[in-house]
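Quick notes on the structure that follows.
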Amino acid sequence: MHAALLVIDVQESFRHRPYFEPARAGAYLQQQNALIGHCQSRGIPIVRILHTDGPEEASNPFSLRSGHVRPLEGLADFAEAARFVKRRHSALVGTGLDVWLTERGIGRLIVSGIRTEQCCETTTRHASDLGWSVDYLLDATLTFDMQTPDGRPLSASDLAERTAAALHQRFAHVSDVATWCQTPLTERSSYL
C-alpha cells in the first residue's frame, strides 16, 4: 500500500501565540525531523499542509499577510511532494488533498504536526471515515496546555493521552516515531 506523510500546520504562526512553549516545541521537532528523515530515506512522499484563517491583516499570525504562514524554524527541510493551504481543521476540507492522494493511489496516511487534538486529530478522523488507513505518530505532534470550560487546567500531555485513547484502533494506529520507523509498512494492516 502506498503511503504519504502529512506534515500539518508546522508553521511560524504558532510562535506568535502566547501559549507557545519553545522547549516543548524543540522536543517535538526532534521527533518530527526524525520522522521526515525516515520517510525521505524510504521514498515516502511528504505533503506540507499550512493553515490560514481569521482576518487578512498583518497582525494576525495565521493570515498570509503576516508572513508567518511558513515552515516553523527548526523544521527539517524536505522536498514537498505537494503543498496545500487549508482554512478548516481537517486538511481534507476544501484543499484538494483528497484528490491528490486518490490520483496517486495512496491508501495510508502518516499524520504528524501541530496541534495534536485539533488539526491532526480532525484530519485523522476525517481520513479514516473516508477510507484511508492512518498511522498517527503521537510524539510527532505538538499541542499546548489549555483550560476546560469551567477553568480547570488541562495539560498538553493530558490532551495527547486523550487523543491517543480516542483514536487508537478506532480511527488510526497510534504509535511513536521510534517504534513506527522500526516496523516495515508491509507489516502494517488495517485495524478497523
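The values are calculated or read from the model by the stated rules, or taken from the named source; none is laboratory data. The structure presented is a predicted model; accordingly, all values stated were derived computationally and were not measured. Positions of Cβ are backbone-derived with ideal geometry, glycine not excepted, and every protein chain shown enters the neighbour counts.
The table that follows gives values for the structure above.
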{"read-out": "Residue within region 163-171 that is surrounded by 14 or more Cβ atoms within 10 Å (Cβ to Cβ), part of a strand (DSSP E or B) and modelled with pLDDT of 95 or more present", "value": "yes"}
{"read-out": "Test: Ser90 is of a type outside the set (Lys, Arg), part of a helix (DSSP H, G or I) and touching a residue at least 24 places away in the same chain (Cβ under 8 Å)", "value": "no"}
{"read-out": "Selection status of Arg65, under 27 Å from Thr102 (Cα atoms), charged (D, E, K, R) and more than 17 Å from the chain's Cα centre (by Cα)", "value": "no"}
{"read-out": "Near pairs, Cβ below 6 angstrom, 6+ apart or cross-chain, from region 132-158 (touching a residue at least 40 places away in the same chain (Cβ under 8 Å) and surrounded by 12 or more Cβ atoms within 10 Å (Cβ to Cβ)) to any residue that is assigned to a loop (DSSP other than H, G, I, E, B) and not aliphatic (A, V, I, L, M)", "value": "Ser133/Ser190; Asp139/Asp176; Phe144/Tyr19; Asp145/Ser155; Ala156/Thr143; Ala156/Phe144; Ala156/Asp145"}
{"read-out": "Filter pass, Ser59 being at pLDDT 95 or above, loosely packed, with under 15 Cβ neighbours inside 10 Å and more than 15 Å from the chain's Cα centre (by Cα)", "value": "yes"}
{"read-out": "Any pair with Cβ under 9 angstrom, 6 or more apart, that starts in region 15-28 at a residue that is more than 15 Å from Val69 (Cα to Cα) and ends at one that is among the basic types (Lys, Arg)", "value": "Pro22/Arg15; Ala25/Arg15"}
{"read-out": "Residue selected from region 94-119 under the condition basic (Lys, Arg) and surrounded by 15 or more Cβ atoms within 10 Å (Cβ to Cβ), by the criterion nearest to Ala76 (Cα to Cα)", "value": "Arg115"}
{"read-out": "Residue, surrounded by the fewest Cβ atoms within 10 Å (Cβ to Cβ), within region 4-34, restricted to residues that are within 15 Å of the chain's Cα centre (by Cα) and not in a helix (DSSP H, G or I)", "value": "Ala4"}
{"read-out": "Count of residues meeting criterion [at negative phi and free of Cβ contacts under 8 Å to residues at least 12 places away in the same chain] in region 93-128", "value": "3"}
